[in-house]
Amino acid sequence: MSDYNALVNKCRAFIAPSSVISCVPLSQGLSNENVLINTTQEKYLLKRYKDHWPEYALEAQRRLSASNICPSPVWLDKQNQLAVFNYFDGSTANSLSIDDVIKKLATVHAYSVSTEPMNIAQELSCYKCSPVYLEHQQQISAAVNFITAMPIELGFCHNDLIKDNLIVNESGSYLIDFEYAKTNDVYFDLAALSVSFELNKNNDDTLLNSYAKYKDKQVGFVTSTDKLNCYKLLFLVLSIGWYEQRDIRAPAKKLRAQLLKLIAACGF
């Protein structure tokens, strides 16, 4: 995204280029390109999707923004894979406000759209030749077999719920970057939170109990720390494989240490 002025000019439908004060490229977001547009009225986030156009996710954000869960898209250009969102000032979450985040996450999971469910075995197969997969095939197989035998808790999941995708300000916590959102077992999102914030067993129990409190009672929710640990293992393998595939070493190294600690603690 080298010509920021040209991109801003594409946004004439919702913004007068003369009102733009500055365009600042943002370093976060490894999958897409992001630019902060400061105008005389307010701030916007301009995003160019490199991979796919997240049709369902964008519509979900539009609707969920009404519940103060996430920023709303204000302008879309599908042909050029560009989207502009209201920009939420704040900082990346360094600690997890479990009750606040889980209450909003349960609302996301209850969003009434059904997509093709994520197939975690298929996702793992993308990394079957990676070092982390080859090193831990036995544990991966055990985790997949365990969750396959457990009840499925389907919902509309974020699927990339790491701390970088939680913004915190004086008003609370907000979810961002929904481009991988689709139907999945809700334990995948819960596992992502636990891994990203390095929660201990007591925190995991609090996480599950908080989720059960906000989950739609008609749907029900089976709490299982064993199922959570299996999803944590699989989420770690997927994350490590993703980073190592792109030779991003520092986060991969940190996650590998978490994976070994989890395997030792749970006896996989």
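The values are calculated or read from the model by the stated rules, or taken from the named source; none is laboratory data. On a predicted model such as this, the values are computed, not experimentally measured, just so you know. Cβ sites come from the backbone with ideal geometry, for glycine too, and all protein chains shown count toward neighbours.
Quick rundown of the values:
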| item | result |
| --- | --- |
| The stretch 173-217, subset charged (D, E, K, R) and farther than 21 Å from Ser65 by Cβ, residue modelled with the lowest pLDDT | Lys217 |
| Condition met for Gly241 (of a type in the set (Gly, Ala, Ser) and outside any helix (DSSP H, G or I)) | no |
| Scan of the stretch 116-128 for residues that are in a helix (DSSP H, G or I) and among the acidic types (Asp, Glu), ordered by number | Glu123 |
| Selection within the stretch 21-71 - surrounded by 16 or more Cβ atoms within 10 Å (Cβ to Cβ) and of a type in the set (A, V, I, L, M) | Val35, Ile37, Leu45, Leu46, Ala57, Leu58, Ala60, Leu64, Ile69 |
| Filtered residue count, the stretch 83-115, keeping only those that are outside any loop (DSSP other than H, G, I, E, B) and among the small types (Gly, Ala, Ser) | 3 |
| Residues that are part of a loop (DSSP other than H, G, I, E, B) and surrounded by fewer than 22 Cβ atoms within 10 Å (Cβ to Cβ), drawn from the stretch 180-199 | Tyr180, Phe197, Glu198, Leu199 |
| Filtered residues of the stretch 41-98 (kept if of a type in the set (S, T, N, Q) and without any contact (Cβ under 8 Å) to a residue 60 or more places away in the chain) | Gln41, Ser65, Ser67, Ser72, Gln79, Gln81, Asn86 |
| Asn80, sole failed condition from (1) in a loop (DSSP other than H, G, I, E, B); (2) touching a helix residue (DSSP H, G or I) at 6+ places or on another chain (Cβ under 9 Å); (3) closer than 27 Å to Val168 by Cβ; (4) not aromatic (Phe, Trp, Tyr) | (3) |
| Residues of the stretch 11-20 satisfying the condition of being over 15 Å from Asn86 (Cα atoms) and either within 28 Å of the chain's Cα centre (by Cα) or surrounded by 11 or more Cβ atoms within 10 Å (Cβ to Cβ) (or both) | Ala16, Pro17, Ser19 |
| So Asp247, is it part of a helix (DSSP H, G or I) and farther than 21 Å from Phe156 by Cα | no |
| Subset of the stretch 200-236 that is surrounded by 12 or more Cβ atoms within 10 Å (Cβ to Cβ) and polar (S, T, N, Q) - its residue that is nearest to Pro131 (Cα to Cα) | Asn229 |
| Residue match in the stretch 218-228 (condition: modelled with pLDDT of 95 or more, β-branched (Val, Ile, Thr) and closer than 21 Å to Leu166 by Cβ) | no |
| Count of the stretch 124-178 residues which are of a type in the set (D, E, K, R) and surrounded by fewer than 13 Cβ atoms within 10 Å (Cβ to Cβ) | 2 |
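Rundown of residues vs (1) at pLDDT 90 or above; (2) of a type outside the set (S, T, N, Q), yes/no style:
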| site | (1), (2) |
| --- | --- |
| Ile69 | yes, yes |
| Val74 | yes, yes |
| Ala93 | no, yes |
| Ala110 | yes, yes |
| Met118 | yes, yes |
| Thr148 | yes, no |
| Ile162 | yes, yes |
